[in-house]
Amino acid sequence: MPQENESLRPRIGLAAVLLAALVVAGCQSLYVTQITDERDFRAKVTLSDKPVLVDFYKAGGCPTCELLMPVLDKLAQEYGERVGFTRFAIMHPYFVPTSETLQNQYHISLFPTVVLVVHGEEKGRWSLDYNSDDYRKALDAALAKAPPKRLGAG
């Protein structure tokens, strides 16, 4: 029996290293894009032709922020290309804003705060909300009101 336990040690060690790497990397998602600055925010959110769910979070070890990632990741997989899913670190560690303009514009004081933006306008807001059904209701309503895409000049 001791040999079996010894053979598990390298696997457990590898799993611990991979888990630590995910935590250090901020549990980045394959489906939720990261916004880097105000210009990127404008391109990915304000000027988007589809609804965008924006996760405003505090960088540098915000446990309440990281709890939201699996929820957003799952929603992003469900909605695919119909909805944009983004994250923006509105605060650096030690509560230094990355963009006072966006922080003031969207009145961000709790982390995470999620804002639904449709054609540049705020259409929904959630703070410390991890219930995917709350987001689905708002996303479905926004998609139902979206104008049909133009098929071409005619």
For this session: Return the total of residues in the stretch 103-122 being in contact with a helix residue (DSSP H, G or I) (Cβ under 6 Å, 6 or more places away or on another chain) and either surrounded by 14 or more Cβ atoms within 10 Å (Cβ to Cβ) or among the polar types (S, T, N, Q) (or both).
Result: 5
Exercise. Which one of these does Y94 not meet: (1) within 18 Å of A142 (Cα to Cα); (2) surrounded by fewer than 18 Cβ atoms within 10 Å (Cβ to Cβ)?
Worked result: (1)
Exercise. Is it the case that the stretch 111-128 has a residue that's part of a loop (DSSP other than H, G, I, E, B), out of contact with any Pro (no Cβ under 9 Å at 6 or more places or on another chain), among the hydroxyl-bearing types (S, T, Y) and modelled with pLDDT of 95 or more?
Worked result: no
Exercise. Quick check, is D37 more than 24 Å from L139 (Cα to Cα), among the acidic types (D, E) and modelled with pLDDT of 95 or more?
Worked result: yes
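Modelled with pLDDT of 95 or more and β-branched (V, I, T): is that true of V96 in this structure?
no
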Exercise. Give me the pairs: first residue in the stretch 89-110 and more than 16 Å from T64 (Cβ to Cβ), second residue of a type outside the set (A, V, I, L, M, F, W, C) and part of a loop (DSSP other than H, G, I, E, B), beta-carbon distance under 9 Å, and six or more apart or on different chains, which are they?
Worked result: H92/G60; H92/T98; Y94/G60; T98/D37; S99/D37; Q103/S109; Q105/S99
Problem set entry | Any hit, the stretch 71-86, residues being in contact with a Gly (Cβ under 9 Å, 6 or more places away or on another chain), within 22 Å of T36 (Cβ to Cβ) and of a type in the set (S, T, Y) | no
Exercise. Of all residues in the stretch 48-93, how many are outside any strand (DSSP E or B) and under 15 Å from I108 (Cβ atoms)?
Worked result: 5
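The values are calculated or read from the model by the stated rules, or taken from the named source; none is laboratory data. All values reported here derive from a predicted model rather than from experimental measurement. A quick note on method: Cβ atoms are made from the backbone with ideal geometry, for glycine too, and the neighbour counts reach across all protein chains shown.
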